[in-house]
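**Q** Can you keep this structure in mind? I'll have questions shortly.
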Amino acid sequence: MAVTTSYNCSCEDSSGNETLAELRARMIRRLGWGAMVNNPPPGVAALCDDFLQSAQKLLYRRFAQLRTERFFSWPVLQGVRLYDLQENAEAATIATPVAPTLGTSGVGGTLPAGAKSYRIAAVNAHGTTLASTATAITTVGATSTVTITFPAVVPPMEGVDAQTGWRVYGRTAGAEQLIAQVALVASYVDTGAIVPSGAVPDANTTYICSHFLDPLKITWVGVQRDSVYYPLAAGIPPEVYSYDQTAGFPLRYEIRSCIELWPIPQDNDATLIVKGHFGLSRFTEDGDQSTVDSELVFTLAIANAKAHYRQPDANNYVAQMETMMQNLVAGSHTTRRYIPGRDVAPDFVYAVPKPTVPFA
């Protein structure tokens, strides 16, 4: 079943979005501890992170101009009426692979005798899975090799790009590093010629899109079937549960801790489509970028921090943030103009397709 990738912008604009570590360093300098950026006073780094994270959440909730819409999709399953918000098809990933099978030879390589450990990760066009559990083997002699045999490739769920290769990590147990990335081959031989370099992945990045739907900011819900979009009505009145066992084409939806469809889908030949805003991306690790424009986040956070430390220029940053926000709001109007009355968009008009082959 098709998902909505083609209706979304395929690029990710991260310009103007600094990392948490960069914004924290700027805050520490502005607070007057520039000489201690790499070793700030106790508690200051955590306090700056808290101000930055709180500022981003406030800005995201307060200003619609800082939220972006996109399509999300779930393959409709026969007999299934409940769909998890976190399981939209474009945010699904390739599963972490099982551990590889290892074998060793005492000739042909440069690996010394001793215990070795290996892990693998699956790769697709978007990223890498988490690494498998480690498998250990002991080599004998000073000219050993280790053969890593990969498990069978498991086809990913619908909406996830297929696996294109493997990454091999080794050799020290508990500290495996990247040795090689290969195509979808059956095995890889570690001769010892490559010096491991690069940590195992700390996140699964094989999804098409890392964004998740914000259930409080939804603008359209429908079902796609045979390339036609059918809107669903919001809300499921309790009295319809008297006919809960009735299966058919979904007509209504309701969002609580999941998405519920009614009637229960009678087949798999459809896709649930939701258009809405996506929530904030992770902003807890040093390398995480802000979702909201980082200059807005910084000015609000530093204003709160300076007020916290009773520094007299706190209001200067509040004024800067308000000016930037006003300019952003004005720019978001694009070609729209304010006119009296209601701006009614023209109805969709069906145009009969022109025949590609003239009538005889």
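**Q** So, in the range 258-299, exactly how many residues are of a type in the set (A, V, I, L, M, F, W, C), touching a strand residue (DSSP E or B) at 6+ places or on another chain (Cβ under 9 Å) and surrounded by 16 or more Cβ atoms within 10 Å (Cβ to Cβ)?
**A** Within the range 258-299, the subset of a type in the set (A, V, I, L, M, F, W, C) is 258-259, 261-262, 264, 270, 272-274, 278, 280, 283, 292, 296-298.
Those left that are additionally touching a strand residue (DSSP E or B) at 6+ places or on another chain (Cβ under 9 Å): 258-259, 261-262, 264, 270, 272-274, 278, 280, 283.
Imposing the further condition that a residue be surrounded by 16 or more Cβ atoms within 10 Å (Cβ to Cβ) reduces the set to 259, 261-262, 264, 270, 272-274, 278, 280, 283.
Within the range 258-299, residues that are of a type in the set (A, V, I, L, M, F, W, C), touching a strand residue (DSSP E or B) at 6+ places or on another chain (Cβ under 9 Å) and surrounded by 16 or more Cβ atoms within 10 Å (Cβ to Cβ) number 11.
**Q** Would you mind stating whether HIS211 is part of a loop (DSSP other than H, G, I, E, B) and crowded, with 17+ Cβ neighbours inside 10 Å? Outline the logic, then answer.
**A** Numbers: part of a loop (DSSP other than H, G, I, E, B): yes; crowded, with 17+ Cβ neighbours inside 10 Å: yes.
Yes.
**Q** Same structure, new question: Only one residue in LEU280, LEU296 is part of a helix (DSSP H, G or I) and either within 29 Å of the chain's Cα centre (by Cα) or on the phi > 0 side of the Ramachandran plot (or both). Which one? Can you show your working first?
**A** Values: LEU280 fails: part of a helix (DSSP H, G or I).
Step by step, each of LEU280, LEU296 is checked, and only LEU296 is part of a helix (DSSP H, G or I) and either within 29 Å of the chain's Cα centre (by Cα) or on the phi > 0 side of the Ramachandran plot (or both).
**Q** For VAL168, indicate whether it is among the aliphatic types (A, V, I, L, M), under 17 Å from ALA186 (Cβ atoms) and not in a strand (DSSP E or B). Steps first, answer last, please.
**A** On the way: among the aliphatic types (A, V, I, L, M): yes; under 17 Å from ALA186 (Cβ atoms): yes; not in a strand (DSSP E or B): no.
Considered against the rule, which asks whether it is among the aliphatic types (A, V, I, L, M), under 17 Å from ALA186 (Cβ atoms) and not in a strand (DSSP E or B), VAL168 comes out as no.
**Q** Report yes if GLU176 is in contact with a helix residue (DSSP H, G or I) (Cβ under 8 Å, 6 or more places away or on another chain) and not hydrophobic (A, V, I, L, M, F, W, C), otherwise no. Spell out the reasoning first.
**A** Working: in contact with a helix residue (DSSP H, G or I) (Cβ under 8 Å, 6 or more places away or on another chain): no; not hydrophobic (A, V, I, L, M, F, W, C): yes.
The answer is no for GLU176.
**Q** Scan the range 214-246 residue by residue and report those that are of a type outside the set (S, T, N, Q) and open to solvent by 90 Å² or more (accessible area, probe 1.4 Å). Don't jump to the end; show me each part of the working.
**A** Step one: list which residues in the range 214-246 are of a type outside the set (S, T, N, Q), which gives 214-218, 220-223, 225-226, 228-241, 243-244.
LEU216, ASP226, TYR230, PRO231, PRO238, GLU239, TYR243, listed by residue number.
**Q** Counting only residues that are over 28 Å from the mean Cα position of the chain (by Cα), give me the strands (runs of 3 or more DSSP E) lying completely in the range 74-162 with at least 1 of them. Full working, then the answer.
**A** Values: elements: 82-84, 101-105, 114-124, 135-139, 145-149.
Answer list for the range 74-162: 101-105, 114-124, 135-139, 145-149.
**Q** Which numbered condition in (1) open to solvent by less than 30 Å² (accessible area, probe 1.4 Å); (2) touching a residue at least 60 places away in the same chain (Cβ under 8 Å) is the only one that THR139 fails?
**A** Of (1) open to solvent by less than 30 Å² (accessible area, probe 1.4 Å); (2) touching a residue at least 60 places away in the same chain (Cβ under 8 Å), only one is false for THR139: (2).
**Q** Let me ask something else. Is there any pair linking a residue in the range 263-278 that is under 12 Å from TYR83 (Cβ atoms) to one that is surrounded by fewer than 19 Cβ atoms within 10 Å (Cβ to Cβ) and of a type in the set (Phe, Trp, Tyr), with Cβ under 7 Å and at least six apart or on different chains, and which?
**A** ILE273/TYR229
Here is a yes/no grid of residues against (1) of a type outside the set (D, E, K, R); (2) exposed (fewer than 14 other Cβ atoms within 10 Å of the Cβ); (3) over 24 Å from ALA152 (Cβ atoms):
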residue	(1), (2), (3)
ARG30	no, no, yes
ASN39	yes, yes, yes
ASP49	no, no, yes
LEU59	yes, no, yes
TRP74	yes, no, yes
LEU85	yes, no, yes
ILE94	yes, no, no
PRO100	yes, no, no
ARG119	no, no, no
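**Q** In the set TYR188, TYR229, which member is farther than 21 Å from ASP84 by Cβ, part of a strand (DSSP E or B), out of contact with any helix residue (DSSP H, G or I) (no Cβ under 9 Å at 6 or more places or on another chain) and at pLDDT below 95?
**A** On the way: TYR188 fails: at pLDDT below 95.
None of the others qualify; the one that does is TYR229.
The values are calculated or read from the model by the stated rules, or taken from the named source; none is laboratory data. Nothing here was measured: the structure is a model prediction, and the numbers come from that model. Cβ atoms come from the backbone with ideal geometry, glycine included; neighbour counts cover every protein chain shown. Surface accessibility is based on the protein's heavy atoms, side chains included, excluding ligands, DNA and RNA. Shrake-Rupley method; radii C 1.70, N 1.55, O 1.52, S 1.80 Å.
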